[in-house]
Amino acid sequence: MHSEPQQEHHWLQKMVGDWTCEFECDMGPDQPTKTTATAAVRSLGGLWTISEADGEVPGGGKSQSIMTLGYDPAKQCFVGSFVASVMTYLWIYDGGSLDAAGKVLTLSAEGPSFTGEGLAKYQDIIEFIDDDHHTLSSRVQGADGNWTHFMTGHYYRKK
């Protein structure tokens, strides 16, 4: 079986390269936290991107993570995964979609709730500002159905 890259796969290739990252995390009322990281994103056959990041954990320590992203033509959606050295949960992205302008990719996942009880719905949102700057924002859906933003990362292409 051989798959040819489609328009959605080409969109993902914009992420390929080396990046410096600055994150702001909301760890609770009046507890904003800032941290930094670097990310190296490579292509796997023009169909997938693999991002390997090294960074700081808010409050001290180091973290490593791997994110895979691709597009599944059969499902007509973006798919992928995320793992990090600071957690044991395997995040699975499914049902991801681009906005009409082709600038914002919204990825959906389910994972442990912040309360520690059960699972919650999450979204990671990647938005390209330009070819050398994109953001990654994360939000969680509460029991009331409202979304709460808790993290924004700015990725700047190394030159």
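The values are calculated or read from the model by the stated rules, or taken from the named source; none is laboratory data. Source: prediction; values computed, not measured. Cβ atoms come from the backbone with ideal geometry, glycine included; neighbour counts cover every protein chain shown. Calculation scope for accessible area: heavy atoms of the full protein, side chains included, ligands and nucleic acids excluded. Shrake-Rupley method; radii C 1.70, N 1.55, O 1.52, S 1.80 Å.
Residue 105 is checked against (1) touching a Ser or Thr at 6+ places or on another chain (Cβ under 9 Å); (2) in contact (Cβ under 8 Å) with a residue 40 or more places away in the chain; (3) more than 24 Å from residue 22 (Cβ to Cβ) and fails just one. What number does that condition carry?
The failed condition is (3).
Scanning region 93-103 for residues that are of a type outside the set (S, T, N, Q) and part of a strand (DSSP E or B), which turns out modelled with the lowest pLDDT?
Filtering region 93-103 for residues that are of a type outside the set (S, T, N, Q) and part of a strand (DSSP E or B), the one modelled with the lowest pLDDT comes out as 95.
Within region 40-61, does at least one residue satisfy the condition of being out of contact with any strand residue (DSSP E or B) (no Cβ under 9 Å at 6 or more places or on another chain) and closer than 21 Å to residue 151 by Cβ?
Yes, because at least one residue in region 40-61 is out of contact with any strand residue (DSSP E or B) (no Cβ under 9 Å at 6 or more places or on another chain) and closer than 21 Å to residue 151 by Cβ.
Quick one: in region 9-26, of everything that is over 12 Å from residue 156 (Cα atoms) and part of a helix (DSSP H, G or I), which residue is nearest to the chain's Cα centre (by Cα)?
12
What number of residues within region 104-130 are open to solvent by 50 Å² or more (accessible area, probe 1.4 Å), outside any strand (DSSP E or B) and either at pLDDT 95 or above or among the polar types (S, T, N, Q) (or both)?
Matching residues across region 104-130 total 1.
On the basis of being open to solvent by less than 60 Å² (accessible area, probe 1.4 Å) and of a type in the set (S, T, N, Q), does residue 138 make the cut?
Yes.
Identify all residues within region 131-145 that are over 17 Å from residue 110 (Cβ atoms) and in a loop (DSSP other than H, G, I, E, B); write none if there are none. Quick ask: steps written out before the conclusion?
Step one: filter region 131-145 for residues over 17 Å from residue 110 (Cβ atoms), giving 131-137, 144.
Of everything in region 131-145, those that are over 17 Å from residue 110 (Cβ atoms) and in a loop (DSSP other than H, G, I, E, B) turn out to be 131, 132, 144.
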